[in-house]
Amino acid sequence: MKITYLGHAALQLEIAGKYIVVDPFISGNPLASGIDIATLKADYILLTHGHQDHILDVEQIAKTNPNTLVVSNYEIVSWLGEKGLNGHPLNHGGKKVFDFGTVKYVTAIHSSVLPDGTYGGNPGGFVIWNADKCIYIAGDTALTLDMKLIPDTCPALDLAVLPIGDNFTMGYEDAVIAADFVQCEKVLGCHYDTFPPIVLDKSAARQHFEAKGKELLLLEIGESISL
Ligand code: NI
Ligand code: MN
């Protein structure tokens, strides 16, 4: 499993030869100007919730990947369906086996209106696994006790992708606790630096994680890791 950070909360996963783009917000993020949306491969697009900073580039990516399948909650999949995109709806607690692995839609504490004001359902996160690896993508969320259910209901995590920018989501202090709740030692931080309220003190965040015995990965935009 290969994971490329596309800035903000956007990722591209490569699993079993399939490309999965998560929460694409690239054209609106000056920090991500090095990412070329026109050549981004997406067999699937996973959307945690309806906010603009998670779905801005979905339609653009679907144009260059006409067979892409959007996986999100029912309301977002329906809204994008009216724009001609193919989707597979999930709701909280539900999972579905795709050709690259299993995706489960899990709880997030946040909000989820779509850019035109349409109700965007409840926000969520994803747990994604195959026979080898399992990752948790929390989406925009506060620290919540529901995270404690993940180790009981999913395979052991190899990585947790957690928002750490504070203000609109949990900050890094709560993200360390979230890592404990989901029983994962390795965290990829996201949702920081994009806007003034979420600028991150990276050395403080790293030190905080280190003091708690956890690893915090902060990737350059465009940088990849393999699990
Ligand atoms: Ni949001
Ligand atoms: Mn957001």
Exercise. When you take every Cα atom in segment 153-227, what is the radius of gyration, and what is Dmax, the widest Cα pair distance, in Å?
Worked result: 12.0, 37
Seminar exercise, completed: Of all C-alpha pairs within segment 34-111, those more than 17 angstrom apart amount in percent to 44
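Compare the peptides 169-177, 215-223, 195-203 by average per-residue count of other Cβ atoms within 10 angstrom and give them in order, highest first. List each step's numbers first, then the result.
Values: 169-177: 21.2, 215-223: 15.7, 195-203: 12.7.
Highest to lowest by the protection proxy: 169-177, 215-223, 195-203.
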Exercise. Cα to Cα, under 19 Å, and not fewer than 8 places away if on the same chain: which aspartates and glutamates meet these conditions relative to Lys41?
Worked result: Glu14, Asp23, Asp57, Glu59, Asp99, Glu223
For this session: Give the residues of segment 163-185 whose amide nitrogen is closer than 11 Å to a point set 7 Å from the Cα of Phe195 in the direction of its Cβ.
Result: 167-169
For this session: State log₁₀ I(q)/I(0) for segment 1-70 at q = 0.27 Å⁻¹ as given by the Debye formula over alpha-carbon point scatterers of equal weight, solvent excluded.
Result: -1.34
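Could you give me D for segment 2-226, from Stokes-Einstein at 20 °C and 1.002 mPa s, where the hydrodynamic radius is the Kirkwood radius over C-alpha pairs? Units µm² s⁻¹, please.
Values: Rh = 17.2 Å.
Rounded, D is 125 µm²/s.
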For this session: Provide the net charge surrounding Val77, with neighbours chosen by a C-beta distance below 13 Å and charges set as Lys +1, Arg +1, Asp -1, Glu -1.
Result: 0
Exercise. For segment 141-168, list residues with backbone N below 14 Å from a point placed 7 Å from the Cα of Glu215 toward its Cβ?
Worked result: 157-161
Exercise. All other residues with a Cβ under 12 Å from the Cβ of Ala204 taken together, and with Lys, Arg as +1 and Asp, Glu as -1, what is their net charge?
Worked result: -2
Problem set entry | C-alpha center-to-center spacing [segment 136-193, segment 10-83] in angstrom | 21
Exercise. Between Gln60 and Asn91, 0.36 nm times their residue separation minus their Cα-Cα distance comes to what?
Worked result: 8.7 nm
Exercise. So what are the radius of gyration and Dmax for the Cα set of segment 80-209, in Å?
Worked result: 15.4, 46
Seminar exercise, completed: Ile61 neighbourhood, Cβ < 12 Å, K/R = +1, D/E = -1, net charge -3
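Output the pairs from Lys2/Lys186; Lys63/Lys186; Lys63/Lys83 with a Cα-Cα distance over 23 Å in this structure; if there are none, say none. Please list the in-between numbers first.
Details: Lys2/Lys186 15 Å; Lys63/Lys186 35 Å; Lys63/Lys83 11 Å.
With Cα atoms farther than 23 Å apart: Lys63/Lys186.
Here, each number is a calculation from the coordinates, and none is a lab measurement. What you are looking at is a predicted structure, and each value in this text was computed from that prediction instead of being measured. In this analysis, Cβ positions are derived from the backbone assuming ideal geometry, glycine residues included, and neighbour counts consider all displayed protein chains.
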